[in-house]
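Below: one structure, written as structure tokens.
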Amino acid sequence: MDSTLYLAFWLLAVLIAIGVLSWVLARHQGRHDLRRQQAQRLLQALERYSEWVCAQRLAAVFQGEPPEAAEALDDACTIRMAWFPELAGDMAQLVAVHNRIISFLGTQQALWLRDPEHWLESDHDKRFMALWRQHRFALQAVLAGLEQVTSVKIQPAAPRRESTYA
């Protein structure tokens with residue numbers, strides 16, 4: 001084999017290696033960008049859900065969980081399952097708090113309808129605030145985990161009535 005053919009062979013091999021490396025890097029970057037977009041979608045779904053939880057303190061009557069809140073939480077869970085399996089424990093905690101909030105609000109609504117005087121004595125607001133704090137703690141854990149797995153600083157928008165819950 002003469003030296004020209006030998007050098008051409010090595011040049012072709014180097015070009016193929018560069019092409020494969022370029023493809024791998026582009027694929028990795030595309031996946032990273034897509035994961036970042038999914039993190040933003042998850043963040044938006046959690047914000048919509050959190051706004052509903054926030055609004056429950058000021059709601060005169062609990063009408064059950066509206067489709068918007070259920071859809072927001074469902075979207076968050078779906079995105080988490082598809083893109084962020086490492087957040088399973090934190091999201092499970094958030095869903096557990098959600099179930100406690102729904103149960104509490106339903107029980108309080110039934111008590112309010114059945115025995116308003118006993119409802120006034122039940123310290124509804126204080127108990128709701130304890131659940132609200134649990135919700136915020138679970139939400140912060142999800143957001144911190146999301147920030148860690150995506151290596152992106154996440155700045156969630158504060159709910160509109162955040163100052164009333166300090």
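Computed quantities for the displayed model
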| quantity | calculated |
| --- | --- |
| Residue among Glu71, Glu121, Glu51 with the largest mean-square fluctuation in a Gaussian network model of the chain, springs linking Cα atoms under 10 Å | Glu121 |
| Rel. contact order, % - alpha carbon contacts under 8 angstrom, at least six apart, segment 12-166 | 31 |
| Ranked Glu47, Glu86, criterion: other C-beta atoms within 10 Å, fewest first | Glu86, Glu47 |
| Entry for semi-axes √(5λ) of the Cα gyration tensor in Å (calculated from the structure that is shown) out of (i) 27, 19, 16; (ii) 34, 18, 14; (iii) 54, 13, 11 | (iii) |
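Just so you know, all these numbers are worked out from the coordinates, no wet-lab data involved. These numbers come from a predicted model, not from an experiment. Positions of Cβ are backbone-derived with ideal geometry, glycine not excepted, and every protein chain shown enters the neighbour counts.
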